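Colleague: Structure incoming, see below.
The values are calculated or read from the model by the stated rules, or taken from the named source; none is laboratory data. Everything numeric in this text was worked out from a predicted model, so none of it was measured. No Cβ is skipped: glycine too gets one built from the backbone with ideal geometry, and neighbour counts run over all protein chains shown. We work out accessible area using only protein heavy atoms, side chains counted, and drop any ligands, DNA or RNA first. Shrake-Rupley method; radii C 1.70, N 1.55, O 1.52, S 1.80 Å.
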Amino acid sequence: GAVVSQHPSWVICKSGTSVKIECRSLDFQATTMFWYRQFPKQSLMLMATSNEGSKATYEQGVEKDKFLINHASLTLSTLTVTSAHPEDSSFYICSARPPPGLAGGNIYEQYFGPGTRLTVT
Amino acid sequence: GDSVTQMEGPVTLSEEAFLTINCTYTATGYPSLFWYVQYPGEGLQLLLKATKADDKGSNKGFEATYRKETTSFHLEKGSVQVSDSAVYFCALSDGSNYQLIWGAGTKLIIKP
């Protein structure tokens, strides 16, 4: 249980175009999902916290108009990188917080998707 | 604010060696502590966790004990294998907003 998927696993796009990344919790309902960015050989940087049915909460320094997050259902959150530029190339990872009691987890755990490698040319 | 400090890598060991990756934290409350592992080309996986002082998390031969007196959560394994080569992240959650505070990650390289 507690599986999170991401799609696509990798994408190459041209500068100026937009890219949508999907994050799905496959076997549980996630009221909260998180979006991270990971630069090569670095730790994860939290971009935003996404709550179902409400606006995402963005971390300081993250442009909310550039990184659009939609959490339309309890199993799906999307991240859209708008007008992508080469500096947006990165590894984007989502995670979902399981409900209490799921698979022995607690409310502070997060289950991670496999990540999406974005390359902007 | 809360923070996590991990030993810098890479850590290079021979197979069957003993492993310790240090992790210390600062937190105002009583956080839950986690170790996540990221194998090459894959996403993060929860390796083990501890939710209160003196708890020991264990999984796949790895162990870590929540030491409140030293604010530490060091990761140990008695005999590492080549397949343990990965990046290991220490993290905490203080429960205030369910966010995870991450260490910088430690790359582990095991040579046969």
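Colleague: Go from 0 up to the bin containing the longest alpha carbon distance in the protein assembly as shown, width 5 Å each, and give me the % of pairs per bin.
Modeller: Pairs per bin, as whole percents: 1, 7, 14, 18, 18, 17, 12, 8, 4, 1, 0.
Colleague: May I ask for the accessible area buried between chains B and A, both sides summed, probe 1.4 Å, to the nearest 100 Å²?
Modeller: On the way: alone 6090 and 6550 Å², together 11070 Å².
Rounded to the nearest hundred, the buried surface is 1600 Å².
Colleague: Let me ask you something else. Identify, among A:ALA56, A:PHE39, A:ILE93, the residue whose Cα sits farthest towards the positive end of the charge dipole of chain A, taking +1 on the Cβ of Lys and Arg and -1 on the Cβ of Asp and Glu, with the dipole about the Cα centre.
Modeller: A:PHE39
Colleague: Could you check the spin-label model distance between B:ASN22 and A:ASP27? Points 7 Å from the Cα along Cα→Cβ, value in nm.
Modeller: Inter-label distance under the simple model: 4.0 nm.
Colleague: Would you mind giving the mean number of other chain beta-carbons within 10 Å of the Cβ of each residue in A:65-72, as a whole number? Don't skip to the answer; put the middle values down first.
Modeller: Working: counts 0, 0, 0, 0, 0, 0, 0, 0.
Mean number of neighbouring Cβ atoms from other chains: 0.
Colleague: Still on this model: For the stretch B:79-93 and the stretch A:1-59, what is the separation of their C-alpha centers, rounded to whole Å?
Modeller: The distance from the Cα centre of the stretch B:79-93 to that of the stretch A:1-59 comes to 23 Å.
Colleague: Using only atoms on other chains, find how many Cβ atoms lie within 10 Å of each Cβ of peptide B:36-43 and report the average. Can you show the working numbers first?
Modeller: Working: counts 4, 0, 5, 0, 0, 4, 3, 15.
Partner-chain Cβ atoms within 10 Å, mean over residues of B:36-43: 4.
Colleague: Quick one: divide the alpha-carbon radius of gyration of the stretch B:1-85 by 2.2 N^0.38 Å and tell me what you get.
Modeller: Dividing the Cα Rg of the stretch B:1-85 by 2.2 N^0.38 Å gives 1.10.
Colleague: Something else now. Charges at C-beta only: +1 for Lys and Arg, -1 for Asp and Glu. How large is the resulting dipole of chain A about its Cα centre, in Debye rounded to 20? Spell out each step's value before the answer.
Modeller: Numbers: 10 positive and 9 negative charges, 37 e Å.
For chain A, the charge dipole is close to 180 debye.
Colleague: Still on this structure: Just the accessible area for B:LEU48, please: 1.4 Å probe, Å², rounded to the nearest 10?
Modeller: Spelled out: B:LEU48, probe radius 1.4 Å, area about 10 Å².
Colleague: Run the simple label-point estimate for A:THR121 and B:THR71 please: 7 Å along Cα→C-beta, distance reported in nm.
Modeller: 4.8 nm
Colleague: Give me the inter-chain shielding for A:40-51: mean count of other chain Cβ atoms within 10 Å, whole number please.
Modeller: On the way: counts 0, 6, 3, 10, 10, 1, 4, 0, 0, 3, 0, 0.
The shielding value for this peptide is 3.
Colleague: Mind ordering A:50-57, A:91-98 by average Cβ neighbours within 10 Å, highest first?
Modeller: Values: A:50-57: 15.4, A:91-98: 24.8.
For the peptides A:50-57, A:91-98, the packing ranking is A:91-98, A:50-57.
Colleague: For the stretch A:8-72, report the translational diffusion coefficient in µm²/s to the nearest whole number, using Stokes-Einstein at 4 °C, 1.567 mPa s, and a Kirkwood Rh over Cα pairs.
Modeller: On the way: Rh = 13.4 Å.
Estimated diffusion coefficient is 96 µm²/s.
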